[in-house]
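Just so it is clear, none of the values below were taken in a lab; they were calculated from the coordinates. Nothing here was measured: the structure is a model prediction, and the numbers come from that model. In this analysis, Cβ positions are derived from the backbone assuming ideal geometry, glycine residues included, and neighbour counts consider all displayed protein chains.
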Amino acid sequence: MSKKLEKKKSIVLLIRAMKKTSNERKERIWKDLAERLSKPRRVLPAVNIAKINLLAAKNKGKLLVVPGKVLGKGELSKKVEVAALEFSASALAKINSNGKAMSLVELLNSKRKASEMVIVK
């Protein structure tokens, strides 16, 4: 008989905080991120550095938000700010050498405006 897996407590608390922030600030992006994080882990996006590099060129000056994991495949030539649920070690090193990486909790506490962010799928 299979056992139902539950989400990590830290992710559940993050989802609650995002929903609360969405209601307080009247910004839909936080509710959207909370809904994406509520999905099963196997559905969460895994985004490579190469894709982040392309999106950084299109969205200059915006913070890229990944509701999943950032992986280290590819090269980063643009200065970029990325917030994600998780980072691989190589991705974290590449981003910090040419930009800034932060967790979703740090992003939530930073009081950034929704107009300064782009969700990466």
ask   = Can you list residues whose amide H is under 5 Å from ILE119's amide H, if they're 5+ apart or on another chain and H is modeled 1.01 Å from N?
value = VAL65
note = So the FRET efficiency between LYS111 and SER88, C-beta based with R0 = 25 Å and rounded to 0.05, is 0.35
ask   = Can you sort SER115, SER22, SER88 by how many other beta carbons sit within 10 Å, fewest first?
value = SER115, SER88, SER22
task = Sort LEU104, LEU92 so that the residue with the fewest other Cβ atoms within 10 Å of its own Cβ comes first and the one with the most comes last.
result = LEU92, LEU104
ask   = Amide H of MET102: which non-local residues (sequence gap of 5 or more, or other chain) have their own amide H closer than 5 Å, using H built in the peptide plane?
value = VAL82, ALA83, ALA84
query = Mind listing the phi-derived Karplus ³J(HN,Hα) values for the stretch 113-118, rounded to whole Hz, using 6.51, -1.76 and 1.60 with θ = phi - 60°, and x for any glycine or proline?
reply = 7, 5, 5, 9, 10, 9
remark   = From DSSP H assignment alone, runs of 4+ in the chain each adding -39500 (n - 2.57), the sum over residues rounded to the nearest 500 puts [θ] at 222 nm at -13000 deg cm²/dmol
task = Report, in cubic angstrom per residue, the convex hull volume of the C-alpha atoms of the chain.
result = 106
note = When ILE11, ILE95 are ranked with the fewest other C-beta atoms within 10 Å first, the list becomes ILE11, ILE95
message = With an 8 Å Cα cut-off and a minimum separation of 6 or more residues, compute the relative contact order for the stretch 9-119 in percent.
response = 22
